[in-house]
Structures are given as C-alpha cells and as structure tokens.
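Have a look at the structure below, then the notes.
The values are calculated or read from the model by the stated rules, or taken from the named source; none is laboratory data. Because the structure is a prediction, the values reported are computed rather than measured. Cβ sites come from the backbone with ideal geometry, for glycine too, and all protein chains shown count toward neighbours. Note: accessible area is taken over every heavy atom of the protein model, side chains too, but ligands, DNA and RNA are not part of it. Shrake-Rupley method; radii C 1.70, N 1.55, O 1.52, S 1.80 Å.
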Amino acid sequence: MAAENSENGVYDVETKGQESVRGGDEIRHFNGHEDEARGTWRHAAFHVATTIATPAAYAPLPFAVASLGWPLGISSLVGGTVATWYSSLLIASLWRWDGKKHTTYRHLAQSIYGSWGYWSIAFFQQVASLGNNIAIQIAAGSSLKAVYKYYHPNGTLTLQHFILFFGAFELFLSQLPNIHSLRWINALCTLSTIGFAATTIGVTIYNGKKTDRKFISHSLQGSSSAKVFKAFNALGAIAFSFGDAMLPEIQSTVREPVRKNMYKGVSAAYTVIVLSYWQLAFSGYWAFGSEVEPYIVASLTTPRWTTVMANLFAVIQISGCYQIYCRPTYAYFEGRILSKPNHRLPIVAFLRRLFYTSIYMGLITLVSSAMPFFGDFVSICGAIGFTPLDFVFPVLAHIKAGRWPKNMKLRFPALFLNITIAIWFSIVAVLGCIGAVRFIILDTKTYRFFHDM
C-alpha cells in the first residue's frame, strides 16, 4: 500500500509499480514545464467546459432526442450526464494514485495497465481528437457560411471556403505552446458557450411558440429498421456530446491541492453543461418535433439576426475546443523532435512546429471539405473515440488501481456501479458505430465529394 495523500480522503491505494515508458520532453512541451502548474479550479472549469460543452457537441442533441423519442431521449441524456460527471471525478481521483505524476491520459493508463494501456489510450485519443476536429471544423464552416449568407444572400463562396478559412485561423492558434497558454481564450470560449446556449434556447422557444403546434409531430419517423438505426446513431451523438479525452492533461495544469481543485472545476463545468444541454435538447425537440435538423441552428428561422449571433458564438467557442484536441498529436511530434539537441534552437523548433501543425491542419481541412457530413462524424467519433475514454476506461481504471471506499459496505455497490457503466457503454459504443457507419454509407451515395451542404 502506498501512503495516501492528505488530499485524497476516502480511498486506499494499491501501488502497482509500473514505470513510465516515455521521456519527459513530450509531457513538458504539452502542458508547459512542471512548475507552470498554476491553474486554479476556475481555469480547470474553463478548460473542461470548453472541451465538452462545444456547440458542435450539444447542437445535435435535439435531433438525437427526436431519434429516440421522449422517454428514451430524456433517460439517455440524463444518464449520460451523470455517468460522465462521475467518470470525470474518478479520473481526477487517480492523480498521483501510485505516488507519481502522470500528466497525460496515456501515461495514466500506462501506470495502471502497462504498455497495453498506453497504446490503447493513444489510439482512442487520436480517433477522438481527429473525429472531433473534423466534426467541429464542419460545424464552424457551416456557421461562418450562415453568417455570410445573411449579409450576402447571393454570394458565391461555398462551405469549403469557410472550412478553409477556419483551418487557417486554427493553424495560427496552433503556434501557442501549451494548454495553459490557451486559458484566456478558453475563458472567452466558456462565455461563448453560455451565449450560444442562451441565444439558441431563447430563439428555439420563440420559434416553437410562433409555429402552429398542430403541425408538429413528436412521433418517430421511418420504417422499423430506419428507426432502429437512427436510435443507434443518436446514442453515438449523445456519447460525443460528453466527449472529453483530455482530463489528465487539463489536471496537470492545476495547482495544489490538485484533486480538490479539479473536483471543483469539473463540477462547475458540469453545471454549465446541465444548464445548456438539457434545456436545448428538450426545447429543440419540443419546438420542431421529429423534423428538427441535425444542427439545431439550421432549424431556426426568425428573427434572423439572432441566428447570426448564435453562429458567431459557435465559431468562437469551437476555436478553443479545436485547439485542446490538437494537443495530444502535437505533443507526440514535439516529444520526438525536441529530443534531438539541434532541434531545440528556437528558430528550428518554430519551423518544425509550423511544419507538422500545417500537415495536421491540412489533413483535417481536406477531410472536412470532402465529406461535410456533420451528424455522421459526430456519431462515429462518439462511439469509437469518446465512449471508451469517457465512460469505459475511467471505471475500469478505478477498479484496477484498487481505489475502494474505506467503508466496506460501500465497496460492493461501487464495484457493481462501475461494472454496470462499463458494460452498458461498451454496448452503446458498438450500437453507435453501427448506426454511424450506415448513415455515412447512405450519405456518400446521396452526395458527391466536396458537396456544398
């Protein structure tokens, strides 16, 4: 048994004794040097809210609820909220679980499961970060195009132009060195999240009251098979909406007491999430019924200037979320490059960083432009990337690390709860993937590549 940190409280720790397999350069350049962990719980809340509560994540929720119907839609959304809040607290509780500081999700997994854990989390993180950034770049391009069309109804610029413009802006932000350097951007992004939610919810309710309710249907549409696949797809979309594959990376920027600050930050972020997610999901389905669009802003009609506001809020918030999900990939390249002495010169390091960030941004922009099927990428990213990272791994890692309540009466209920979450959300991952793949196949048959959606 390792001695328990005074910050830890109610758990015993079983030290497994695994050693880290990666060098320190990758960690330092990802988050900043260790002595740069100066973030408060408020900064943690900004980062967590920015990575989870992006408009690209919760704008599809009314469509997801519409695909499930009221009973399943409400229970799935509420269950997903509670499960990910709980899982996030579990990940935060694993800080220095074995007495060592693990500043990335991959290193935390490796400390518990060995090299198998490291490479598994590395795979899921890459799927999550790439899929997330493809989806939100499509969303950003769509929002920018909507603003453009408001001022230039006959303009000739296409969705692909705006995806390219957004990619160029993100390439500029990619030159910032680490997550902590994004703290003020993410504070602005958190305010934009609230602005987007308030504007969209208000306009949704306004549109719903203006609409003749006799023509609004809340019944599930399509054949029996279509209903099943839409439900599968909706489960993937809900999993995507709670995606946060970066908690240990965020926690490594927080000052002492780390666990306490992270618990407060996560809980504050989830307060924002509950206020935005639930209201938008339920009001959107109520207002537009089964005809609600996959991206709720596309369903809003009047007043048109408010949709411009909502779209601008969306673009601002997405810009910060995009950056946080780039960072695992950047960390990998920086760890490789900066391990070579001649590449540590400032000008050489800058040129190298510009090179690999340009490659990354170019690939994401190309895929986003070629296949701008927002809803499909949301579902498949949620199913394959975020479900293992945000639902399954945290509860299994908690069991494997031996972090049990000291009260013996609580141990079995805690074990039962963790295993239930792991099994159920593993099923959700499979079903969501099936639904998403089916819709991607259908969309590629319906639309050509580089289609101006």
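All conditions but one from (1) open to solvent by less than 20 Å² (accessible area, probe 1.4 Å); (2) more than 20 Å from Gly289 (Cβ to Cβ); (3) more than 24 Å from the chain's Cα centre (by Cα) apply to Val203; the one that does not is (2). Among residues of the range 44-65 being open to solvent by less than 10 Å² (accessible area, probe 1.4 Å) and among the small types (Gly, Ala, Ser), the one that is nearest to Ile134 (Cα to Cα) is Ala56. Remark: pairs (first residue in the range 58-76, free of Cβ contacts under 8 Å to residues at least 24 places away in the same chain; second residue outside any helix (DSSP H, G or I) and among the polar types (S, T, N, Q); Cβ separation under 8 Å; 6+ apart in sequence or on different chains) are absent. What tally of residues in the range 377-397 results from selecting those that are open to solvent by 10 Å² or more (accessible area, probe 1.4 Å) and either more than 22 Å from Trp95 (Cα to Cα) or more than 15 Å from the chain's Cα centre (by Cα) (or both)? Residues in the range 377-397 being open to solvent by 10 Å² or more (accessible area, probe 1.4 Å) and either more than 22 Å from Trp95 (Cα to Cα) or more than 15 Å from the chain's Cα centre (by Cα) (or both): 6 in total.
From the list Thr253, Thr211, the lone residue that is surrounded by 15 or more Cβ atoms within 10 Å (Cβ to Cβ) and of a type in the set (Val, Ile, Thr) is Thr253. Annotation: Ile185 fulfils all but one of (1) touching a Lys or Arg at 6+ places or on another chain (Cβ under 9 Å); (2) within 26 Å of Cys381 (Cα to Cα); the unmet one is (1).
State yes or no: is Ala122 within 19 Å of the chain's Cα centre (by Cα), among the aliphatic types (A, V, I, L, M) and open to solvent by 10 Å² or more (accessible area, probe 1.4 Å)?
For Ala122, the condition - within 19 Å of the chain's Cα centre (by Cα), among the aliphatic types (A, V, I, L, M) and open to solvent by 10 Å² or more (accessible area, probe 1.4 Å) - is met.
Cβ-Cβ contacts under 7 Å between residues 6 or more apart (or on different chains), taken from a first residue in the range 388-405 that is under 12 Å from Asn418 (Cα atoms) and aromatic (Phe, Trp, Tyr) to a second residue that is open to solvent by 10 Å² or more (accessible area, probe 1.4 Å) and assigned to a loop (DSSP other than H, G, I, E, B), are listed as Trp404/Asp12.
Would you confirm, using the coordinates I've provided, whether Ser181 is outside any helix (DSSP H, G or I) and either crowded, with 18+ Cβ neighbours inside 10 Å or more than 18 Å from the chain's Cα centre (by Cα) (or both)? Criteria not met by Ser181.
The single condition among (1) under 21 Å from Ala135 (Cβ atoms); (2) modelled with pLDDT of 85 or more; (3) under 18 Å from the mean Cα position of the chain (by Cα); (4) surrounded by fewer than 24 Cβ atoms within 10 Å (Cβ to Cβ) that Ala234 does not satisfy is (4).
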